[in-house]
Amino acid sequence: MPELPEVEVTRRGIAPALIGRRLASADFYAPTLRYPLPHTARTEFVGQTLINITRRAKYLLLDFGVGHLLIHLGMSGSLRLLPNEKSDTPSTPPQKHDHVDLVFENTTLRLRDPRRFGAVLWLTGDVCKHPLLAKLGIEPLDPAFDALWLKNHLKGVKTAIKPALMDGHRIVGIGNIYASESLFRARINPRTPAGKISFARLQRLVPIIKETLLAAIAAGGSSLRDFIHSDGSSGYFQQQYFAYGRTGEPCRICGQLIREIKQAQRTTFYCATCQAR
DNA sequence: CCGACAACCTGTGAGC
DNA sequence: TGCTCACAGGTTGTCG
C-alpha cells in the first residue's frame with residue numbers, strides 16, 4: 001500500500017513509542033520476505049537501544065547505533081504497535097501474515113505483509129553506501145528539489161513524464177498514485193516526453209508534487225493519535241483522488257470521463273481534456 | 001541510455 | 001454460489 005506519505009506517517013506514528021527503548025527480542029516468523037530476514041545477525045541488534053527512526057525514500061531506518069535495521073513495506077506491508085503483556089510479550093499472537101515482531105520494553109513493533117514484497121535488513125557501516133540506498137534520487141520534499149533541479153534532470157529525457165517521475169533514481173517516493181495525481185493537478189499529459197515539458201509547467205508541477213504528498217501525510221497524521229490501536233493503516237485511503245482509480249468516472253474539473261492507459265506496465269489515470277498536450 | 005518484461009507473493013474483485 | 005483470471009500502491013534484474 002505504501003507510497004512516501006504512508007511510510008512517513010508510519011514513521012511518525014511509531015517513533016515516539018520506540019525511540020530510547022531497548023530491543024528485548026526480535027522474532028521472525030518467516031525465513032524470507034523479498035530478502036532473507038536477518039536471523040543470524042539478531043545478536044547484533046537485540047539488546048541495543050533504538051536511537052532514532054529516519055526515512056529515506058520508502059525505506060525506514062531504525063538506528064541502533066551499532067547499525068541500522070532497514071524496513072521496506074513493499075506493496076502490502078504495514079507496521080503497527082502492540083502493547084506488551086508482562087513487558088516482554090506482545091499481547092496478541094502473530095496472525096497468518098505477521099512476519100516480524102520487534103519486542104521493545106512495553107511495546108512491540110509488528111510487521112504484517114501478505115504479499116511479502118517487503119524487506120527487513122540489518123546494515124552495518126555507512127547506510128548511504130548500501131546498494132539499495134546508494135543510487136536513490138532526491139527526496140521530493142527536499143527544498144533542493146525545485147523546478148530548476150527538475151529541468152536539469154529531465155533535460156533530453158525522452159521517456160514519458162509519468163514513468164520518469166516514478167523512477168527512484170531521479171526522485172524517490174512518487175509511486176503510481178501520486179504520479180497520476182500530481183500530473184492531473186498540474187494539467188500535464190502523462191505521455192509527454194519528460195524533456196519536452198516547458199519550464200513554466202515544471203514550475204507548476206514541483207510545488208504540486210510537494211503539496212500533494214504533504215496533504216496525504218497530513219491526512220494520515222490526523223489518525224496518528226490512535227496509531228497504537230489501529231490496524232496500521234492511516235488516513236491515506238480517505239484521500240479524494242482526481243484521477244487515480246477513477247476510470248470512466250467524470251473528471252471533477254471538466255466532466256469528461258477519466259481514461260486509463262498502461263505506461264511501463266503500470267496503469268496511468270488522466271483526463272484527456274484537462275491534461276491535453 | 002532506454003524500454004519491455006519477468007520475477008518476487010497473496011488477496012481481491014470482476015466476470016462468467 | 002463458485003470458479004478463473006487479471007490486477008494490485010514496489011523494486012530489482014535481465015535482455016534486446
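Listed by first and then second residue, the pairs with beta-carbon distance under 9 Å, at least 6 apart or on different chains, first residue in the stretch A:37-48 and without any contact (Cβ under 8 Å) to a residue 12 or more places away in the chain, second part of a loop (DSSP other than H, G, I, E, B), are A:H39/A:P31.
In the stretch A:29-67, the qualifying residues are those that are in a loop (DSSP other than H, G, I, E, B), touching a strand residue (DSSP E or B) at 6+ places or on another chain (Cβ under 7 Å) and among the hydroxyl-bearing types (S, T, Y), and the one that is modelled with the highest pLDDT is A:Y29.
The values are calculated or read from the model by the stated rules, or taken from the named source; none is laboratory data. What you see is a predicted model; the values in this text were computed from it and never measured. Heads up, the Cβs are rebuilt from the backbone with ideal geometry, glycines too, and the neighbour counts pull from every protein chain shown.
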